Amino acid sequence: MNHIRGLTLLGGGTLCFGLFLACGSYEDPGFNSKEQHLEKGQLVDAPIRENSLFKKHNLPTGTWKVWGQIPLAESWEKPLEVSVVEDDDEPDQGDHVASNEPMVMIDEKGTVYSAKFSDDELALITRVLEAEGLQNGRVGDDGGIEPNHDEDAPKAWAHGTDNRSVLGLNEYPISSSGDAVLYQRIGQVGSGCSGTLVGTPETDYYYLTAAHCIFSDAGNYTAPKFYPRRDSCQNKLGSSLSSCDTKPYGEWTSGGAYTYEYFVENCSSSDDNYGDTCASYDIAIVRVSKPSGESFPGAFGFGSYSNSFIKDRTNYIRGYPNCGQDGDPDDSGGCASPTSVCRNNTLYGASGDMGDTYNSGRRSKFGIDISRGQSGSGIYLNDGGNHRVFAVLAAENTGCFDGCNQIRPNHGARITSTFYGYMLAFMGI
C-alpha cells in the first residue's frame, strides 16, 4: 500500500489521475484570469456570472485578490506522493474552529484568487442561499425518490475483516428508486479518487472531493475528469455484463475549484509535509460541466453538523477502491478477508458510527473500511430522511498500525461552518 509513516493518501498509486485539462468548447462559467497580466495581491472583481444568485439577490461580493499561479498538469503527469508524519498540531477543538479562514479559488487557467467575506457578509449569504435550497439534495432528470437505507453492517477498523459491499451496476442497476438513486450521484474522480455530486443548482454542477485529488506530485492543478456512477460492468466473478455502459452518465469536465488557502500553500505538492493538519484541510468543491445529451443523476445535500449530531449515527462511505493494491476488497495476500474478485472502477461501500472519541471541529477519525482510490469519497448520514454529506475521506493513519486487527483510524475532513458558507457562495456566485 506504499505505506509511509503517518498518513497515507488514498488516491492510489496513480493519485489524482485522469489529469486532463478543461478544454474544447467548455469554459468554467465562473472566474478566469482571461489574458490580462495579474500581479500577486492585486484586487480584482468578484467572479459574478450573469445568471448568478448573487445578482438575483444583490448579495455582497467580498474581497478578491490574486493569490498566485499554479501550473496546469499535463495528462498523466506524475501524481502527488507525500512523505508525512503525524504532526498532532491540531488540538481537539470540539465543535469549534477558527471562523472565516482564508479560502482560494483556482480557475481553469491555474490562476489562484483569495476570497474573503466578513462574518456578517457570510452570514447573509448563507441565509439567502439556504432559502434557495442549494444545500439540499437534487432529484435527477429521471425523477428519483430518496431512499432510506440504514444498513446494519458490522463496525470494524480498516484492514481487519473487510466489511465493504460491492455496489456496482450488477447489484444496483440504474433506477429511479431505492438505494440506486444515491449511488448514481457518486463518481470516480480521474482514475484514482472518488467524489460526490452535491447541492446542484439548475445552472451548474459541482462535486465534493479531497483537495489532494486535484493536485499532482509537482503541485499542479489537474482538473480531473468526473465519471458519475462509473462501473466495471462485471459480475462478482469478474465476467462482463451484457448491455452495460461503463460510463452511464458520460465524462464530465472539471473547471474551477474552491478549497482552503492553507492546503494550497502547505499541502499540495510532494515537497510538503502532509500530516494531521493537512488532512483537516483536505477538502475541495469543484465546478464541473455535464456533457451535452447526458442526463443529470441528481445530487446529495450537504451540511455542517455538531459532534453531538454526528455521534452514534450511521455514517456511510461509498467510493472507488483501486484493485491490485494492499487493502483492496480482494486483498487475499494482505489484511482484508476477500469475498469476491475486486472490480476496478466499481463502487464499494461500508458504514458505521463515528462515536465521539475522535471528532474535532475540522476532522473526524473513524474505522469504516476504505482503501486507496477512495480518497474524496463523501461521508454522509441520514438527516430526517435526507442524505447529506458532512465530510470527505482524506487519508488513513499508518503510524499506529502494527497488525491487521489493530486500530487503524481513517481521517475525514469535515465541512465546517466556514467551509459550508463558502461552498454556498461558490455555488451562488
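The values are calculated or read from the model by the stated rules, or taken from the named source; none is laboratory data. These numbers were taken from a predicted model, which means no experiment stands behind them. Cβ sites come from the backbone with ideal geometry, for glycine too, and all protein chains shown count toward neighbours.
Residues are listed down the side, and each one gets a yes or a no for (1) at pLDDT below 90; (2) under 19 Å from T200 (Cα atoms); (3) part of a loop (DSSP other than H, G, I, E, B); (4) aliphatic (A, V, I, L, M):
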residue: E50; (1), (2), (3), (4): yes, yes, yes, no
residue: L59; (1), (2), (3), (4): no, no, yes, yes
residue: S75; (1), (2), (3), (4): yes, no, yes, no
residue: Q93; (1), (2), (3), (4): yes, no, yes, no
residue: M105; (1), (2), (3), (4): no, yes, no, yes
residue: E108; (1), (2), (3), (4): yes, no, yes, no
residue: E130; (1), (2), (3), (4): no, yes, no, no
residue: G133; (1), (2), (3), (4): no, yes, yes, no
Report, by residue number, each residue of the range 269-313 that is more than 21 Å from N410 (Cβ to Cβ) and in a helix (DSSP H, G or I). S308
Matching residues in the range 219-266 - criterion: being aliphatic (A, V, I, L, M) and either surrounded by 16 or more Cβ atoms within 10 Å (Cβ to Cβ) or not in a loop (DSSP other than H, G, I, E, B) (or both): A223, L241, A257, V264
Can you list residue pairs whose Cβ atoms sit under 7 Å apart, with the first residue in the range 377-397 being at positive phi and the second being surrounded by fewer than 24 Cβ atoms within 10 Å (Cβ to Cβ) and of a type outside the set (A, V, I, L, M)? Count only pairs 6 or more apart in sequence or on different chains. G385/E146; G385/N148
Read through the list (1) crowded, with 18+ Cβ neighbours inside 10 Å; (2) at pLDDT 60 or above, then give the number of the only condition that N148 fails. (1)
Residue, surrounded by the fewest Cβ atoms within 10 Å (Cβ to Cβ), within the range 201-218, restricted to residues that are in contact (Cβ under 8 Å) with a residue 60 or more places away in the chain and more than 15 Å from A257 (Cα to Cα): T203
Is it true that D326 is modelled with pLDDT under 90, in a loop (DSSP other than H, G, I, E, B) and in contact with a strand residue (DSSP E or B) (Cβ under 9 Å, 6 or more places away or on another chain)? no
